[in-house]
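See below for the structure under consideration.
Every read-out reported here was derived from the displayed coordinates using simple, explicitly stated rules and does not represent laboratory data. Quick caveat: nothing in here was measured; it's all calculated off a predicted structure. So basically every Cβ, Gly included, is an ideal-geometry build from the backbone, and we count neighbours across all protein chains shown.
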Amino acid sequence: MELVTLANGERAVRDRLTGEVMHSAVGPREEPMQLYVKAARLEERLASAADSPLVLLDVGLGAGSNAALAFALSESRTNGAGTRRLQIVSFDRSTAAMELALGEHAQALGFTDAARAAGRALLEHGHAEAAHTSWRLSLGDLPGTLRALPHDVADVVFWDPFSPRANPTLWGVAAFSALRLACRDGCTVHTYSQATRVRSALLLAGFHVGLGVATGHKETTTIAGVGAPRGAALLDRRWLERLNRSSAPLPDDVDPKDALDALARIAAHPQFM
Ligand SMILES: C[S@@+](CC[C@H](N)C(=O)[O-])C[C@H]1O[C@@H](n2cnc3c(N)ncnc32)[C@H](O)[C@@H]1O
């Protein structure tokens, strides 16, 4: 892991093994806000009067910027009725990026002092507790660690592994099917990818899939949900037509001999009816 400076002057963490930079488009302070926290309507959902906590799966803890921002937003709420507790579960097989992020550049990587203290407790004890927020680390290989979750527990998912090129396992039907089991009704899934094969994998796993917000040089990203995500434009029949003309319509874990069947299953998804 190393710190790099992006073209816009923001600092970010680069993984030397894959060569990929975390939040490379606009940096770790702006991208988590637009693509994850705002797109998930986290503030609004936390303002609800529900007794049960809002459960956020932070898939790919990495340098912790997405989770730290959710943590800071949750902790910035004042006490009182209608403040729902946030429960963050972060998944990763390594804490190397997080260890780097909690050093002297923590603020540039999006950490408030409280989020940095919680991040340190997370690495030391595997969990951190604060006034409105619990944060737990699930250390191990995905998607196995997702399969270990009880079913129907998650409300929001930040899906932020490395790209499908560097990390194909986490963008296929098997990984999204494991995720789907953990998600309850109304859960929304947010990810930076706009790839056709990723959207196909989400549809095949049973999610509804729509267009996510623009970020950096990307015109769209992807939002998925158990049921149609509120306010999102769902992929429509024109997308289906383009899918059938695409040179890479399906994820790697669909056997080419099953491709026609998979395309037929996507076309029969309720969101296209
Ligand atoms: C793009 S980074 C995450 C960035 C992070 N969300 C942030 O806000 O800084 C992707 C992370 O996914 C983790 N990862 C990739 N493949 C994994 C796997 N199979 N199991 C667990 N973690 C994995 C990597 O170790 C890396 O830390």
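Some observations on this one:
- The residues HIS217, HIS23, when put in order of fewest to most other Cβ atoms within 10 Å, stand as HIS217, HIS23.
- Only helical runs count toward this figure. For the chain, summing -39,500 (n - 2.57) over DSSP H runs of n ≥ 4 and dividing by all residues gives -7500 deg cm²/dmol at 222 nm.
- One chain, two ends: ALA264 and ARG245. Fully extended at 0.36 nm per residue, the span grows by 5.5 nm beyond their Cα-Cα distance.
- Here r is the Cβ-Cβ distance between GLU219 and ARG93 and R0 is 22 Å; the resulting FRET efficiency, rounded to 0.05, is 0.10.
- Positive-end residue, segment 25-272 charge dipole about Cα centroid, Cβ charges, pick of THR196, GLN34, ALA96: THR196
- For the chain: rounded, prolate or oblate by the Cα gyration tensor [a/c cutoff 1.5]: prolate
- Only Cα pairs under 8 Å and 6+ residues apart enter the sum, and on that basis the relative contact order of the chain stands at 16 percent.
- Residues PHE272, PHE158, sorted so that the one with the fewest Cβ neighbours within 10 Å comes first: PHE272, PHE158
- ALA117-ALA49 FRET efficiency (beta carbon distance; Förster radius 35 Å; 0.05 resolution): 0.75
- For segment 8-15, backbone phi angles converted through the Karplus equation (6.51, -1.76, 1.60; θ = phi - 60°) give residue-by-residue couplings of 8, x, 6, 8, 8, 9, 10, 8 Hz, Gly and Pro being listed as x.
- Packing around the peptides 259-267, 126-134, 241-249, 110-118, taken as the average count of other Cβ atoms within 10 Å per residue, puts them in this order, highest first: 110-118, 126-134, 259-267, 241-249.
- The charge dipole of segment 25-272, taken about the Cα centre with unit charges on the Cβ atoms of Lys, Arg (+1) and Asp, Glu (-1), comes to about 580 debye, rounded to the nearest 20.
- Residue order, fewest to most surrounding Cβ atoms within 10 angstrom, among PHE207, PHE91: PHE91, PHE207
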